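Enquirer: Before I ask anything, here is the structure I am working with.
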Amino acid sequence: MNVDPLFGSEVRGRVLEQLATRPSPQSAYRIARAIGAEPIQVLRILKDLRGLIQQSPEGWILTDDLLRSFLRNRIRRRANEIRREKDQLLVQFGLKPSFEHGR
């Protein structure tokens with residue numbers, strides 16, 4: 001497991017990102033399945049994050065709006081970086097990059 005210096009572990013960071021990108025509450029099992037982690041590990045992480053998230057009968061939800069905004073921006077920046085790298089590779093191989101096709 002890689003350690004994310006900002007969140008303490010890769011799994012904790014992925015749990016928070018999963019909560020930040022979903023508008024409705026999710027169960028620990030659904031989060032675990034989405035990020036490829038063990039449900040018990042996700043449940044422990046969720047319980048450790050009680051100040052930032054809330055549990056409802058439908059599942060867990062991220063309640064800290066500032067953290068949600070930060071995580072969404074982080075995901076968007078990472079996706080843009082990956083897209084740029086992919087476009088550079090396409091150009092290198094003589095193919096048309098994606099930005100010429102509507103992005």
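Enquirer: Got a sec? Charge dipole of the chain, +1 on Cβ for Lys and Arg, -1 for Asp and Glu; which of A79, T63, L19 is way out at the positive end?
Expert: Working it through, the farthest residue towards the positive pole turns out to be A79.
Enquirer: Still on this structure: Sort the following peptides by mean Cβ neighbour count (other Cβ atoms within 10 Å, averaged over residues), highest first: 48-60, 19-31, 74-86.
Expert: Details: 48-60: 13.7, 19-31: 16.2, 74-86: 11.5.
Going by the mean number of other Cβ atoms within 10 Å, highest first, we get 19-31, 48-60, 74-86.
Enquirer: With each label point set 7 Å from Cα along the Cα-Cβ vector, what nm distance links K96 and R77?
Expert: So the two model labels end up 3.2 nm from each other.
Enquirer: Can you tell which of S98, I45, A28 lies farthest toward the positive end of the dipole of the chain, using +1 and -1 charges on the Cβ of basic and acidic side chains (Lys, Arg; Asp, Glu)?
Expert: My answer, from the dipole projection, is S98.
Enquirer: Using just the helices of the chain, give the 222 nm mean residue ellipticity in deg cm²/dmol: DSSP H runs with n ≥ 4 each add -39,500 (n - 2.57), and the total is spread over all residues, rounded to 500. Walk me through the intermediate numbers first.
Expert: Working: 4 runs with 58 residues, N = 103.
My calculation for the chain gives -18500 deg cm²/dmol from helical runs alone.
No lab work stands behind these numbers, since they all come straight from the coordinates. The structure presented is a predicted model; accordingly, all values stated were derived computationally and were not measured. In this analysis, Cβ positions are derived from the backbone assuming ideal geometry, glycine residues included, and neighbour counts consider all displayed protein chains.
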